[in-house]
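Heads up, the thing below is written out as structure tokens.
The values are calculated or read from the model by the stated rules, or taken from the named source; none is laboratory data. Keep in mind it's a predicted model, so treat the numbers as computed, not measured. Counting neighbours? That spans all protein chains shown, and the Cβs are built from the backbone with ideal geometry, glycine included. Only protein heavy atoms, including side chains, enter the accessible area calculation; ligands, DNA and RNA are left aside. Shrake-Rupley method; radii C 1.70, N 1.55, O 1.52, S 1.80 Å.
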Amino acid sequence: MSRKLWMIGGLGLALGGCATKVAPVQYNLGLARAEYRDYAKARANICNEEPRVVTDELGSMNKLLTEFLSSTEQVKNPKSVDHARALETLKEAEGSLGKVLDVYQANLGAVRKCDFAKSGAIAELAQQGTGLLEQSRERMTESSQLIAVKHAQQKWLEEAPQREQTARQTWCAKNPEVGSTDLYYARKFADGRTEWLFCDGHIVQSGPKGGEPTLVSPDGLSAKDRRKVKPPRYIEAANGYPAEEMDKQPTSAAEPSAPAHSSSAGGN
């Protein structure tokens, strides 16, 4: 082989061993931002990349996932001041973070095969990234279930007035008599609050922690009508309402929003 051909062949081998230029992708989630490369999609070997670039990439992704986990930590605690922020972040992540995690998982698997990742900062970052990746997937799974429940609960709230109206038209007389204790509709909220609605406008209520139900009278009752109202009879009618016929706000995405109502009037 001539010296010229040998030099050309050697140059080709050298170029073949150089890093394939993979375009970085920027990913924003809330106030966090990360830059990563999809080496598998580009059919490139991450081991041919400069260690400094890989270090920056792993560190960037780890920082984003750390902030994601921190900002969504209170998603199961509605009483927390950070609950709304957690839900907002999870909704933003719902359609995009899963794909980013898939790429990052592939990169972490590939980088472990690199000589420069056997020890040092990259090895530590890869180990940290694996843990953050698993935690983020768990958080996404939990959040998808939680968001589905929130949607089901909101739908229940929006449709409740129509169900109430339909039940009233079905079971109540046109001009119900005050004191008749005809009960046409009952609902239970996800927090445990319960309401029993009567045709004459009275409502029996109980709080989220249960306790003794209380009777709430409609506004504008005359003195004559007030004398017709016997609170214990309303309480008795409420306690006798079949639990399976109660309109219950979903506590899981699989629950139906409302049962089929049947007549459950109290005694006259």
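Within the stretch 40-61, being out of contact with any helix residue (DSSP H, G or I) (no Cβ under 8 Å at 6 or more places or on another chain), within 20 Å of residue 130 (Cβ to Cβ) and crowded, with 17+ Cβ neighbours inside 10 Å holds for 49, 60. Residue selection: residue 133 fails the criterion of being part of a helix (DSSP H, G or I), open to solvent by less than 20 Å² (accessible area, probe 1.4 Å) and free of Cβ contacts under 8 Å to residues at least 60 places away in the same chain.
If we scan the stretch 93-104, do we find a residue that is closer than 20 Å to residue 45 by Cβ and either β-branched (Val, Ile, Thr) or open to solvent by 70 Å² or more (accessible area, probe 1.4 Å) (or both)? Yes. Filter the stretch 66-82 for residues that are open to solvent by less than 90 Å² (accessible area, probe 1.4 Å) and under 11 Å from the mean Cα position of the chain (by Cα); which is modelled with the highest pLDDT? Among those that are open to solvent by less than 90 Å² (accessible area, probe 1.4 Å) and under 11 Å from the mean Cα position of the chain (by Cα), it is 72. For residue 157, the conditions (1) open to solvent by 70 Å² or more (accessible area, probe 1.4 Å); (2) assigned to a strand (DSSP E or B); (3) not polar (S, T, N, Q) all hold with the exception of (2). Taken over the stretch 204-234, the criterion of being hydrophobic (A, V, I, L, M, F, W, C) and crowded, with 19+ Cβ neighbours inside 10 Å is satisfied by 204 alone.
Among the residues examined, residue 88 does not qualify as loosely packed, with under 15 Cβ neighbours inside 10 Å, touching an Asp or Glu at 6+ places or on another chain (Cβ under 8 Å) and more than 24 Å from residue 122 (Cβ to Cβ). The set of residues from the stretch 21-39 being outside any strand (DSSP E or B), surrounded by fewer than 16 Cβ atoms within 10 Å (Cβ to Cβ) and among the aliphatic types (A, V, I, L, M) comprises 23, 31.
Whenever a residue of the stretch 221-242 is within 13 Å of residue 180 (Cβ to Cβ) and assigned to a helix (DSSP H, G or I), its partners that are among the hydrophobic types (A, V, I, L, M, F, W, C) and open to solvent by less than 30 Å² (accessible area, probe 1.4 Å), lying with C-beta atoms within less than 6 angstrom and at least six residues away or across chains, give the pairs 225/178; 228/178; 234/204; 237/183. Every listed requirement among (1) free of Cβ contacts under 8 Å to residues at least 12 places away in the same chain; (2) under 35 Å from the mean Cα position of the chain (by Cα) is met by residue 209 save one, (1).
Evaluated against (1) closer than 29 Å to residue 155 by Cβ; (2) modelled with pLDDT of 95 or more, residue 215 falls short on exactly one condition, (1). Looking only at residues in the stretch 160-181 that are hydrophobic (A, V, I, L, M, F, W, C) and in a loop (DSSP other than H, G, I, E, B), which one is farthest from residue 239 (Cα to Cα)? By that ranking, first place goes to 173. If you filter the stretch 182-198 down to residues that are open to solvent by 20 Å² or more (accessible area, probe 1.4 Å) and in a loop (DSSP other than H, G, I, E, B), you find that the one that is nearest to residue 234 (Cα to Cα) is 182.
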